[in-house]
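Structure first, commentary second.
The values are calculated or read from the model by the stated rules, or taken from the named source; none is laboratory data. In this text, all values refer to a predicted model and were calculated from it rather than measured experimentally. Heads up, the Cβs are rebuilt from the backbone with ideal geometry, glycines too, and the neighbour counts pull from every protein chain shown.
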Amino acid sequence: MFGRIMATRLLQAIPTLLGVATLVFFLLHLVPGDPVDALLGETAMQADREVLRQALGLDQPILMQYGSYLTGLATGEWGTSLVDHRPVLELILERVPATAQLAIVSLMLAVILALPLGYWAARHAGKKEDVAAMGFSLIGVSIPNFWLGPMLMLLFAVGLGWLPVSGMDQPGSIILPAVTLGTALAAVLSRMARSSWLEAMSMDATRTARAFGISEGLIWWRHAARLAAIPVITMFALQLGAVLGGAVITETVFDWPGLGLLTIEAIQRRDYPLVQGCVLLIAGFYVLANLFADLLGLWLDPRQRHE
């Protein structure tokens with residue numbers, strides 16, 4: 001069953017990735033700006049500009065460039081950076097470890113914050129503790145990364161001097177970016193944990209356990225927690241894709257040398273092949289995260305397998 005579902009999802013991902021590649025390709029060619037100007041400057045001689053344009057293949061019709069791009073993707077050739085003159089895939093793979101490190105720490109922080117907060121809110125549902133916990137969660141969802149990051153930087157790096165301002169070379173450099181990225185994830189997971197725990201406590205299994213005289217604490221942590229874990233884990237799997245989207249802003253704010261910062265740098269330099277490669281990899285990670293969430297839900301919940 002899992003093999004068939006995985007094959008179906010992967011086949012469905014092909015048109016999705018093709019659509020992403022097509023959309024990014026044409027949007028990059030439609031936005032104002034010329035990579036030749038970014039490389040030579042606007043004061044360069046026209047003859048030099050034409051020579052460079054021919055060397056980069058930008059003198060060809062846009063449909064021919066699009067066909068060459070798709071052919072390269074089909075053969076595993078992601079192109080060459082217009083600025084660094086290095087393979088796009090090589091440049092991307094150099095930045096992936098930094099993004100992976102930030103993503104892992106952010107997700108761990110989100111889980112550490114979300115589960116106790118969700119449990120506390122569910123255990124005191126309708127009371128002031130619940131209101132306070134969900135209010136904190138609402139603030140975490142509402143605050144954007146591009147505001148929270150600089151505020152944390154001003155307080156803990158500039159004001160108190162406890163942590164580095166940017167980069168990843170100094171001890172503790174990952175703390176502020178991870179907190180910035182993990183706060184919103186923790187807010188989403190805590191709200192899901194609260195609602196899932198409350199729903200689990202209203203199920204027949206937990207009512208039966210209570211009828212048999214099992215202690216309330218054991219019901220919450222043994223019976224209800226097992227039932228509540230299914231939607232929470234599925235949501236966590238879906239958040240794996242959202243991490244890369246948030247990392248674009250967070251890495252830019254903290255000058256974290258990962259895939260998000262590379263994407264912004266490539267956009268600023270009009271490095272078409274590199275931008276396309278970065279966005280395609282992020283989209284592919286989203287697709288894999290959704291596939292992982294679907295398979296995880298099937299494995300954890302027998303009702304889904306039956307359906």
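What the table below lists for this structure:
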quantity	calculated
Odd one out for residue 149, checked against (1) surrounded by 17 or more Cβ atoms within 10 Å (Cβ to Cβ); (2) at positive phi	(2)
Subset of segment 238-284 (residues that are among the aromatic types (Phe, Trp, Tyr) and either at pLDDT below 85 or more than 18 Å from residue 102 (Cβ to Cβ) (or both))	272
Elements of type helices (runs of 4 or more DSSP H) contained in segment 78-170, each with 2 or more residues being within 20 Å of the chain's Cα centre (by Cα) and of a type in the set (D, E, K, R)	88-123
Any chance residue 270 is surrounded by fewer than 17 Cβ atoms within 10 Å (Cβ to Cβ) and of a type in the set (Lys, Arg)	no
Residue check for residue 206: of a type in the set (S, T, N, Q), within 21 Å of residue 108 (Cα to Cα) and surrounded by 17 or more Cβ atoms within 10 Å (Cβ to Cβ)	no
